[in-house]
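Enquirer: Below is one structure. I have some questions about it.
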Amino acid sequence: MGLKGERQKTKGKNCSFRLSPFAFRPSPFFKHQTREKQVEMYDTEEEQVEALKRWWKENATATIVGLVMGMVIILGWNYWQDHKKEQAAQASLTYGQLLKALDENKKDSAEKLAERVQQQFKGSEYAAFSGLLQAKLKTEQGDFAAAKQILKTLAAESNKQLSNIAKIRLVRLMLATGEYEQGLQVINEVDAKEAASFSANYDELVGDLYVALDRLDEARTSYQNALRNGQPSPLLQFKIDDLTAQEKLDTAK
C-alpha cells in the first residue's frame, strides 16, 4: 500500500490523547514532609515568642529605665543648649546697652549695666569686657582702689588674652599711682609663653617702671626689647631718644 493509502487509514482515527488526572499528583511522602516542616516552623515561632517573653520579663525594668533615662538626658541637653543660647542673647543685649550708655556719656547707667552683666553672666566674655569697662570708669572717677580690684579679678581669669589685657592695665594704673615695684612684681609673675603676643607691651611697661625708678640703663634695654618684639612705634623710639638726651645732659653737668 502506498503512502496515500496510509494517510487515508489514519485520517479517520482520533489521534488526540488525554493526560491522566493522577499524572502529577503529589506523593504521600511529599505531603508528609510538608506537614513536618509546617509543624517545625510553628514550633520554632512558638519558641521564639516564649524566649522573647522570658527576656522581657527579665529585662523589662532595666529597658524601661534606660529608655526613660535616655529621654531625660536628651531633653535635658536640649534644654541646656536653649538656656545657653538665651543667656548669650540676653548678655549681648545688655552689653550693647552698656556700650550705648558709654557713647551717650551716661556713666552712672553704664556702671550699673556693667555690674549687671558681671553678676548675671559671670564667666562669659561679656562679663570680662564689662569688667574692663567698669575699671576704666572707676579710674576716671579717681577710685583707683576699686579699679585695681576689678583688674586683679580679671587677671586671674582662665581666658589668657583677657587676663593679659587686665594685667597690662593694672600695671599702667600702678605706674600712675607710684607703685613701681609692685608693677614689676606683677610682670615678673607673667608666664612668658602664655603672654608671647603681649611681650612688647610688657617690655615697654618695664621700661616705663625703670624710668620712674631712675634705672635708666635697664629702661633702655627694656625699650629696645620692646622694639625688637613688637611693631615700630614712634612713641617708643621717642622714649629711647629721650633717655639718650637725658644721659647727655647728665654727662654735661
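Enquirer: Among all residue pairs at least 6 apart or on different chains, which show Cβ distances below 6 Å where the first residue, located in the range 116-135, is within 10 Å of ALA91 (Cα to Cα) and the second is part of a helix (DSSP H, G or I) and among the aromatic types (Phe, Trp, Tyr)?
Expert: VAL117/TYR95; VAL117/TYR126; TYR126/TYR95
Enquirer: Based on what the data block shows, is ASN105 polar (S, T, N, Q), surrounded by 15 or more Cβ atoms within 10 Å (Cβ to Cβ) and either in the same structural domain as PRO232 (by TED's automatic domain parsing) or without any contact (Cβ under 8 Å) to a residue 24 or more places away in the chain (or both)? Lay out the reasoning, then the answer.
Expert: Details: polar (S, T, N, Q): yes; surrounded by 15 or more Cβ atoms within 10 Å (Cβ to Cβ): no; either in the same structural domain as PRO232 (by TED's automatic domain parsing) or without any contact (Cβ under 8 Å) to a residue 24 or more places away in the chain (or both): yes.
No, not satisfied.
Enquirer: Here is a follow-up. Scan the range 122-133 and tell me whether some residue there is in contact with a Gly (Cβ under 7 Å, 6 or more places away or on another chain) and within 26 Å of LYS160 (Cβ to Cβ). I'd like the intermediate steps shown before the answer.
Expert: Keep residues of the range 122-133 that are in contact with a Gly (Cβ under 7 Å, 6 or more places away or on another chain), which gives none.
No: the range 122-133 contains no residue that is in contact with a Gly (Cβ under 7 Å, 6 or more places away or on another chain) and within 26 Å of LYS160 (Cβ to Cβ).
Enquirer: Quickly run through the range 187-217 and pick out the residues that are in contact with a helix residue (DSSP H, G or I) (Cβ under 7 Å, 6 or more places away or on another chain) and acidic (Asp, Glu).
Expert: Passing the criteria: GLU194, ASP203, GLU204, ASP208.
Enquirer: Right, here's the next one. Restricting the search to the range 221-250, which residues are of a type in the set (S, T, N, Q), modelled with pLDDT of 75 or more and assigned to a helix (DSSP H, G or I)?
Expert: In the first step, residues of the range 221-250 are kept if they are of a type in the set (S, T, N, Q); the result is 221-222, 224-225, 229, 231, 233, 237, 244, 246.
Filter again for modelled with pLDDT of 75 or more, leaving 221-222, 224-225, 229, 233, 237, 244.
Listed by number, the residues that qualify are THR221, SER222, GLN224, ASN225, ASN229, GLN237, THR244.
Enquirer: Here's another thing I want to ask about it. Search the range 88-146 for residues being among the charged types (D, E, K, R) and farther than 24 Å from ARG172 by Cβ, and hand back the single one that is nearest to the chain's Cα centre (by Cα).
Expert: LYS122
The values are calculated or read from the model by the stated rules, or taken from the named source; none is laboratory data. Note that the structure is predicted; figures quoted are calculated from it, not measured. Neighbour counts run over all protein chains shown; Cβ positions are idealised from the backbone, glycine included.
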